[in-house]
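The values are calculated or read from the model by the stated rules, or taken from the named source; none is laboratory data. All values reported here derive from a predicted model rather than from experimental measurement. A quick note on method: Cβ atoms are made from the backbone with ideal geometry, for glycine too, and the neighbour counts reach across all protein chains shown. Surface areas here come from the heavy atoms of the whole protein model, side chains and all, with no ligands, DNA or RNA. Shrake-Rupley method; radii C 1.70, N 1.55, O 1.52, S 1.80 Å.
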Amino acid sequence: MYIDYSKLWKLLIDKELSKTDLLELTGMSSRVLAKLSKNETVTTDTIARICTALNCDVSDIMECVSDENLSVYGHFKKYGKCVDKNDRYSTVQFSVGEQKYTVYVSNQTANKRSLISCNSNGNITWDQLTFIWTLKPDRYGLIRPDWNKNETVIVLIKGKPGIIKGLDTNGFVSSRGERKSYKDVYVMSEAAFKLFEPKTE
């Protein structure tokens, strides 16, 4: 079981308030706000100040949730441990029940001028168009993911890439696709990962 503050963020939106507004109204620190964002433990005094500032009840800003209700992304955020890091990506591992996950998270944040290519040789490359008038984009090899029979492998592209090419072919699968082999690797944006529900194999 864990405490989830999703109701608090929804309440702020409903009241047309920002997180900065919440800091001003309650006098709490940005460190405490960061803890709330990660569903970490805060003091009852903090909870009381939030409820007073927003004129609401405790149940309007938080709820106790079972780990069984956590999404794969929720498990990643709550239980993911960084086991390796280089200049291109970080390797994060966690489990959901008996299923093990390895997530390769890009260090660079993609934007609409980022082209991610999943290639038939098993490599993923990143082309970045730096200026509209650039004829030849900057290209580098992002990763050649490793896989293990007992794990699900995901390549997570931070940000919002313009396009991810080569999915659902060459052993690379989109967030809504279905793996045909344990060697297949999911490749997706951060937004897609938040909605990711792996299909039963």
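The set of residues from segment 1-12 being in a loop (DSSP other than H, G, I, E, B) and either modelled with pLDDT of 95 or more or exposed (fewer than 15 other Cβ atoms within 10 Å of the Cβ) (or both) comprises just one member, MET1. Across segment 76-98, the qualifying residues are those that are over 17 Å from the mean Cα position of the chain (by Cα) and modelled with pLDDT under 90, and the one among them that is least open to solvent (accessible area, probe 1.4 Å) is GLY97.
Only one of the listed residues (TYR73, TYR104) is of a type in the set (Ser, Thr, Tyr), assigned to a helix (DSSP H, G or I) and open to solvent by less than 40 Å² (accessible area, probe 1.4 Å). That residue is TYR73.
Among the residues of segment 13-47, those that are assigned to a helix (DSSP H, G or I), open to solvent by less than 60 Å² (accessible area, probe 1.4 Å) and in contact (Cβ under 8 Å) with a residue 24 or more places away in the chain comprise LEU22, THR26, LEU36, SER37.
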